[in-house]
1. I'd like the trypsin sites (Lys or Arg not before Pro) in the range 287-350 restricted to DSSP loop residues with at most 13 other Cβ atoms within 10 Å, sorted by number.
2. Restricting to Cα atoms and excluding each atom paired with itself, what does the Kirkwood estimate give for the range 11-151 in Å?
3. If you keep only loop residues by DSSP, which GluC sites (Glu not before Pro) in the range 349-401 have at most 10 other Cβ atoms within 10 Å of their Cβ?
4. Between beta-carbons, use under 10 Å as the cut-off and find the net charge around ALA295, counting Lys and Arg +1, Asp and Glu -1.
5. Residues with amide H under 5 Å of VAL416's amide H, sequence separation 5 or more or different chain, H placed in the peptide plane at 1.01 Å from N; which?
6. So with the 1.4 Å probe, I'd like the accessible area per residue for the range 426-495, rounded to whole Å².
7. With a 1.4 Å probe and every protein chain kept in, tell me what percent of the accessible surface of the chain is carbon plus sulfur.
8. Keeping all protein chains in place, calculate the accessible area per residue for the range 170-242 (probe 1.4 angstrom), answer in Å².
Amino acid sequence: MKEYLKIERDQEWRDQLRKKIKNKERTTQERVSMTSLDPMERIKYQDREVNLGLNMEQAQREASRCMDCVNPTCIEGCPVSINIPKFIKNIERGEVLEAAKTLKETSALPAVCGRVCPQEKQCEAQCFYTLKLKKEPVAIGYLERFAADFEQQSGAVSVPETAPKKQVKVAAIGSGPASLSFAGDMIKLGYDVTVFEALHEVGGVLKYGIPEFRLPNHVVDVELESLAKMGVKFERNFIVGRTASFDDLKAEGYQAFFVASGAGLPRFMNIPGENYNGILSSNEYLTRVNLMNAAKADFDTPVLKGQNVAVIGGGNTAMDSVRTAKRLGAERAMIIYRRSREEMPARVEEVLHAEEEGIEFLNLNNPVEYFADENGRVSKMRVQRMELGEPDASGRRRPVVVEGSEYDIPVDVVVVAIGVSPNPLVPSELPELKVSRWGTIEVDPETMQSSMPELFAGGDIVRGGATVILAMGDGRKAAAGMHKYLSQKNETAAN
């Protein structure tokens, strides 16, 4: 890898770009800001994207901040190992389609990642500016989105090359980011790849979990079309373990499986009154709106709307839920989170966008009981104040109850977004498969191979809940691990 990066960096065009602007001049430029829709306008629509992207001038100026480091630490922060300096330098010289091709060398979903990746915790956290200069990092995520969108809008979408077909069938179970990343790498290696999706739409959490104001469906669809053009096959409405068993698929010639069936089992708090009408999981709430079009007048999918909506949790899913509630007409949309603002796991940008949209943050508060009206519909919640104690095992300060601090808040919809548990279907079908006490599939962290040699797994079914990009990293590791396993197995069989 180091040798490859050095060869790429030593190319004449990159050398000339480095000489064109002095380093001092590069480092004194301000990081670009991305424009966004006016908050009072955007809350009227579920499907108007908040961030508006960069224009060519902004992108080239931001790309010129990149120092094209000899040791590009930013790549070490990327779970799918994108050649970040190469794609950014292509933007700087105006070769944006080349930048998009560079992204696709290792990422199956660049337009998605440019929008939903927590770059501030990954590649940008490892940028030279962050580590050495203590300045704002190069806006790698904005530039990734710019290159991917530019290509999508150019009408010249490139399709990565694939190796000659091996006539070896492999299956991916689930069609979320881990599976799509896996399928992209396996199809490049020449395998016959089929992705099985239980729902009627491909995309997994990208379609049902992330609202269109953050990730438009048409952006996901272009990425899916690219995989289909490479030869990936998609089977919808197909539940592996119900529609067909693993043995059925083996009989059809599938030699190995990648399980990325996600963590779709909602978690609740098990507090009094949690079964009243009007209290639901974030999974159900977001799926009804994002996948089943509940917010649109011409669809009859029911969705609970309320004037006083409380969302329990502090992650990105909680932000997506509370901002969705605002767009469904809530007068008061609140985040209830038992830790402080600083400890919220949600992306800083999502929290800022929520604040702009009028979301209330009730930090250091925790629900303890719900009450209902005469019809059994939730009408108020009792919360207690918390304060931060000593750090726990995660390193975050543990919330401690403030005795006698309970008070009531009127609510007519409550969305619980405190995490999810792994989908139990695949493990229940395979009693010999090793799972953890949390129900996650146990794998070798380097190869993603499970206790069953032909079965690999990644994403939330292994991690119990993670980001899109970490799931994609799992998919890439699993593809490399499965390729090695199948190559050795078929070589042995040939001898």
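The values are calculated or read from the model by the stated rules, or taken from the named source; none is laboratory data. Just so we're clear, the structure is a prediction, and the values are computed from it rather than from any experiment. No Cβ is skipped: glycine too gets one built from the backbone with ideal geometry, and neighbour counts run over all protein chains shown. In case anyone asks, the SASA skips ligands and DNA or RNA and just uses the protein heavy atoms, side chains included. Shrake-Rupley method; radii C 1.70, N 1.55, O 1.52, S 1.80 Å.
1. Passing sites in the range 287-350 are LYS296.
2. For the range 11-151, the Kirkwood estimate is 15.4 Å.
3. Loop-located and lightly packed - GLU374.
4. +2
5. The list, which skips near neighbours in sequence, is LEU280, SER281, SER282, ILE312.
6. Ligands and nucleic acids excluded, the result is 49 Å² per residue.
7. Taking all protein chains in place, the chain shows 49 percent carbon and sulfur surface.
8. Here the residues of the range 170-242 average 29 Å² of exposed surface.
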